[in-house]
1. In whole percent, and with a 1.4 Å probe on the protein chains, what portion of the accessible area of the range A:34-81 is carbon and sulfur?
2. Say we join alpha carbon atoms closer than 10 Å with springs in a Gaussian network model of chain B; which of B:S316, B:S76, B:S360 then has the biggest fluctuation?
3. Which order do B:H346, B:H201 take by accessible area at a 1.4 Å probe, largest first?
4. Of all chymotrypsin sites (Phe, Trp or Tyr not before Pro) in the range A:37-126, which ones are in loop regions per DSSP and have a Cβ with at most 16 other Cβ atoms within 10 Å?
5. What nm value, rounded to one decimal, do you get for the distance between B:A16 and B:K347 when each label is placed 7 Å out toward the C-beta?
6. Considering only DSSP states other than H, G, I, E and B, which GluC sites (Glu not before Pro) in the range B:195-280 qualify as loop sites with at most 10 other Cβ atoms within 10 Å?
7. Quick one: which bits of the range A:98-126 get at least 50 Å² less accessible when the partner protein chains are in, versus the chain alone, with a 1.4 Å probe?
8. What spacing in nm lies between the two simple spin-label points modelled at B:N318 and A:K23, each 7 Å away from Cα in the Cβ direction?
Amino acid sequence: MYSILLVEDDEFVCKAIEIILRKQDYIISIAKNGQDAMQYLRQSKFDLVITDLMLPYANGMELVSKMRNELHLDVPILVLSAITHEKTITEGFDLGVDDYLKKPFNPSELASRVKRLIQQKEKNTI
Amino acid sequence: MSSFRQWLEDLVYYFAYFPLVIQIAIIVSVLAVAGTVLAYIYMIIYRWQKEKQAQKEIPLREKGDELLLEHIIYKSLGGADTPVALPLEAFSVLPLQKPWAARVFISQLIAYRDNFTGDIPLLLRQLYLELGLHRAAAAALKSGRRKQVINALVELSGMGVLLEKDHVLTLTQSSDQHIREMARCYVVQCSPDAPFEFFSHVQEPLLLWEQFELFRIISLRKDIPMPSFARWIDPQFHPSVITLCLKLAAYFQQPEAIPAMIRMLHTEDEQLRAVTINNLGKLMALEAEPILVEMYPQQPDSCKLEILKALGRIGSGNFIGFLQQQLEHTEDFLLMKHAAHSIVAHKALASGLITQLQHSLTGTRQQVLQHSLNPLIKY
């Protein structure tokens with residue numbers, strides 16, 4: 001069983017993703033903002049982090065930056081955001097984002113990307 | 001109680017003997033206090049009713065979420081080739097015969113449509129139709145009641161369902177501004193075959209924000225081939241329709257619209273002429289360059305500015321001398337700035353000229369050129 005941290009402040013999206021991924025046998029933890037996410041990340045290990053970019057307190061970019069530079073985590077990061085600005089996406093990849101999915105999203109695509117990222121991480125660990 | 005009554009009786013008795021100013025002050029104070037109390041009572045009742053309604057909706061929303069996630073969202077994970085059957089009987093547990101329940105469920109369907117892509121929006125639309133939830137909106141469209149018509153248009157737009165096409169087309173010409181605007185957005189968003197038909201009949205102007213919204217909706221429509229917007233770039237149509245179509249022709253890169261746009265350069269409407277020039281530039285209309293340069297001296301500043309910008313966007317290099325002349329001689333700062341920017345936009349074609357100008361220009365003109373050469377500065 002793989003564990004995923006979902007960082008999302010929209011309750012509707014949270015609930016939908018939670019149900020989609022739980023049905024795929026993932027364990028989901030939910031953080032409503034960047035600060036809560038950092039606490040989760042300090043306390044537990046995750047196989048994947050899915051984060052929005054527009055978050056209260058610390059936004060998604062700050063979270064990614066802290067994960068890579070402060071906590072030195074190599075966990076795969078999937079950004080799920082309505083922001084489609086090319087520069088922001090490139091900036092995210094530069095900071096260490098592994099994949100990007102645009103909102104509104106296709107649940108099948110989300111499930112496939114999550115599976116691929118976790119498999120990739122597994123391969124890299126071996 | 002009796003003392004309060006006595007006090008009130010005394011007040012009424014003595015009120016007539018108070019000076020006029022005091023009488024007015026008392027009346028105003030009483031009205032203000034009573035008004036404030038009434039406003040608070042109204043707010044409390046309104047909030048209580050809303051809260052009660054929200055509480056009543058919670059179980060329904062939970063059940064709706066559960067059914068939608070279970071039967072639509074999760075089943076759609078099965079793969080693109082696996083068709084999802086709509087289990088209508090599963091949704092029969094919802095009390096959709098009650099108008100408030102139907103309204104809540106429809107709002108959920110719209111939220112799901114807004115948040116998911118792929119087959120899901122189509123499945124939700126199909127569910128909406130098969131459950132017969134569209135009937136109330138169809139009736140509301142013809143009700144003639146303003147609020148009901150607008151709500152029906154919003155709902156049907158959200159669900160992507162076009163109903164009562166002929167009636168809706170008449171609503172696009174409604175005398176009520178809000179109905180008219182909503183109906184126009186609805187037709188553009190939902191009509192499968194003729195979303196732009198009403199452009200030909202527009203009598204009331206498309207307001208600027210309305211043009212913006214229509215542009216957004218049209219640019220998001222991927223399910224239909226875009227028509228040639230040149231059809232509406234004609235003085236017989238409303239100037240606001242022409243403006244929108246000019247922008248659309250440029251956005252969808254329709255070079256076949258260039259001849260119609262060139263004809264529009266003769267319009268007397270200065271604003272429309274400026275928009276036309278701007279979009280000729282965005283279409284990189286090479287054939288328009290000599291015409292623009294020729295008409296330049298007779299134009300007002302707004303059109304001159306657009307001509308300079310257009311020459312920069314087209315960037316053929318044929319009129320770089322003209323831009324140089326403007327940069328060197330114009331006294332208008334904005335024209336100077338855009339002439340410099342357009343020279344720089346010629347990139348390699350202008351490299352020799354830029355070096356030469358850097359040496360020959362002095363003062364403000366040189367600063368403007370240096371400013372335009374900075375790739376970090378955008379304007």
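The values are calculated or read from the model by the stated rules, or taken from the named source; none is laboratory data. Not measured: the values here are computed from a predicted model. Every residue, glycine as well, gets a Cβ built from its backbone with ideal geometry; the counts of neighbours run over all protein chains shown. Ligands, DNA and RNA are excluded from the accessible area calculation, which covers all protein heavy atoms including side chains. Shrake-Rupley method; radii C 1.70, N 1.55, O 1.52, S 1.80 Å.
1. Ligands and nucleic acids excluded, carbon and sulfur give 44 percent.
2. B:S360
3. Numbers: B:H346 10, B:H201 100 Å².
Listed by decreasing accessible area, they come as B:H201, B:H346.
4. On the way: sites: A:Y40, A:F46, A:Y57, A:F93, A:Y100, A:F105; in loops: A:F46, A:Y57.
Passing both the DSSP loop test and the Cβ count: A:Y57.
5. Spacing of the two 7 Å Cα→Cβ label points: 9.3 nm.
6. Passing sites in the range B:195-280 are B:E268.
7. A:P104, A:P107
8. 6.0
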